[in-house]
Amino acid sequence: MELDRELREELDRLAAAGLRRVPRRVESAAGPRVTVEGRERIVLGSNNYLGLAEHPEVRAAAADAAEKWGAGATGSRLTTGTLTLHAELERELAALKGAEEAVLFSSGYLAAVGTIPALVGRGDLVLSDALNHASLIDGCRLSRAEVRVYRHGDAEHAAELLADRERFRRALLVTDGVFSMDGDLAPLPALCDLCEERGAWVMVDDAHGTGVLGKRGAGTAELLGVESRVAVQMGTLSKALGAEGGFVAGSSTLAEYLRNRARSFIFSTAPAPSTVAAALVALQVAAREPGRRARVLRGAARLAEGLRALGFDARGGETPIVPVVIGAAEEAIRVSRRLEERGVWVPAIRPPTVPPGTARLRASVTASHTEADLDAVLAAFREVVDE
Ligand SMILES: *Cc1c(COP(=O)(O)O)cnc(C)c1O
């Protein structure tokens, strides 16, 4: 067929460049070790930072909710899909974020692509960090606002791009809180200063900080002391909270506006009862056991230090994400395979997810990894160096 021939050519080009991807299949439950292709491996790439996906209470909550409410939500949030469970989770998320209200979406991706186009459109300006997550990039594109990309983490460059602010109706600055492939933090205080001065709104996607960073685990904004200055606080339930779903927290007005204007909220089925209940209990466990946050951050710092001592270009260390930058895509895959032969699974991340020439192993630690697990990981990396 014509279609297959043309698509095959493109796939072959991807394969030749070392960029063709095939999903791996996990054959066991979530946890610090999983079975892949019949063999158990320490997994060092999941986003299950607090180890809550496998927590007995969280699993039981999901099972009980399916039993009590049914398998699906049966409709979009504005028709038959809003259960008391959804409202309860939104209340808890707002409380975590120090906000008046929160709006729940089916995923973080949908929260981003629904929220940005709801807030800005033609005649408006969006400033976006060069390393923002794809969901924010797609939200910016969908909005049809003028999009200007500032250098990663560079508030001064953002200021330059905001110099003609008065030409636009609204201005919105969007940034990851913790950058997903680099594990570093956005300079939120400087960005908030800038936006307050120039009359722009700040939106932070804290997919990787929520539940992990800050005294209460509220995230990057809490850690950096700007909670009350971030008008649009986005997050996901799929990472530290071990469930699924995305959210935006902010003022009651923002919440009501999004319920009326965010297309991915309006035109998609509400999150299933089981995942909503799981997230609710995950929030409770995370609040009750702050030791999980401490453990994951301690583990990540130790891993980053150990890898640097072995000569690896390991970045981060203040968040659960420890990227090990390798360079060429083929080389990243080679190192990833060598580690896998030694029982350690760290996925290689290649372009277009990261810029060309910066292919990496994206290692991430969870609260469920033991000291012995991390020792085994470092030993595997050492063997790869010595080869
Ligand atoms: C994972 C991620 C998302 C998407 O969240 P999902 O709930 O997985 O759809 C959005 N933003 C960032 C920064 C992420 O890392």
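Of note:
- As a summary of the residue check, S76 satisfies the conditions (1) touching a strand residue (DSSP E or B) at 6+ places or on another chain (Cβ under 7 Å); (2) more than 16 Å from G246 (Cα to Cα); (3) polar (S, T, N, Q) except for the one numbered (2).
- The set of residues from region 242-266 being outside any helix (DSSP H, G or I) and in contact with a Leu (Cβ under 9 Å, 6 or more places away or on another chain) comprises G242, A243, E244, G245, G246, F247, V248, A249, G250, A262.
- Test: D386 is at pLDDT 95 or above and not hydroxyl-bearing (S, T, Y): no
- Every condition in (1) outside any strand (DSSP E or B); (2) surrounded by 15 or more Cβ atoms within 10 Å (Cβ to Cβ) holds for E305 except the one numbered (2).
- Out of S251, S268, one residue alone is hydroxyl-bearing (S, T, Y), modelled with pLDDT of 95 or more, away from the ligand (no atom under 16 Å from the Cβ) and more than 18 Å from the chain's Cα centre (by Cα). It is S251.
- Picking from residues in region 101-147 that are of a type in the set (S, T, N, Q) and within 15 Å of the ligand (Cβ to nearest atom), the one that is surrounded by the fewest Cβ atoms within 10 Å (Cβ to Cβ) is S107.
- R13 being assigned to a helix (DSSP H, G or I) and without any contact (Cβ under 8 Å) to a residue 12 or more places away in the chain: yes
- The residue pairs whose first member lies in region 278-298 and is of a type outside the set (A, V, I, L, M), whose second member is at pLDDT 95 or above and in a helix (DSSP H, G or I), and whose beta carbons are closer than 7 Å, counting only pairs six or more residues apart or on different chains, are R292/A286.
- Residues (of a type in the set (A, V, I, L, M, F, W, C) and either buried (at least 19 other Cβ atoms within 10 Å of the Cβ) or within 15 Å of the ligand (Cβ to nearest atom) (or both)) located in region 88-100: L89, L93, A94, L96, A99
- Considering region 308-333, and only residues there that are among the β-branched types (V, I, T) and part of a strand (DSSP E or B), the residue that is surrounded by the fewest Cβ atoms within 10 Å (Cβ to Cβ) turns out to be V325.
- Top-ranked residue in region 148-196 [being among the acidic types (D, E) and within 16 Å of the ligand (Cβ to nearest atom); ranked as farthest from T210 (Cα to Cα)]: D182
- Residues of region 224-248 satisfying the condition of being within 16 Å of the ligand (Cβ to nearest atom) and either more than 27 Å from A30 (Cα to Cα) or surrounded by fewer than 17 Cβ atoms within 10 Å (Cβ to Cβ) (or both): V230, V232, Q233
- Count of region 65-107 residues which are assigned to a helix (DSSP H, G or I) and over 17 Å from A282 (Cα atoms): 4
- Apart from one condition, M181 fits all of (1) under 14 Å from the mean Cα position of the chain (by Cα); (2) more than 25 Å from P271 (Cα to Cα); (3) at pLDDT 95 or above; the exception is (3).
- Scanning region 249-273 for residues that are more than 24 Å from G75 (Cβ to Cβ) and in contact (Cβ under 8 Å) with a residue 24 or more places away in the chain, we see that the one that is surrounded by the most Cβ atoms within 10 Å (Cβ to Cβ) is G250.
- Within region 199-217, the set of residues being touching an Asp or Glu at 6+ places or on another chain (Cβ under 9 Å) and either within 11 Å of the ligand (Cβ to nearest atom) or more than 15 Å from V120 (Cα to Cα) (or both) comprises V204, D205, D206, A207, H208, G209, L213, G214, K215, R216.
The values are calculated or read from the model by the stated rules, or taken from the named source; none is laboratory data. Quick caveat: nothing in here was measured; it's all calculated off a predicted structure. Cβ: placed from backbone, ideal geometry, glycine included. Neighbour counts: every protein chain shown.
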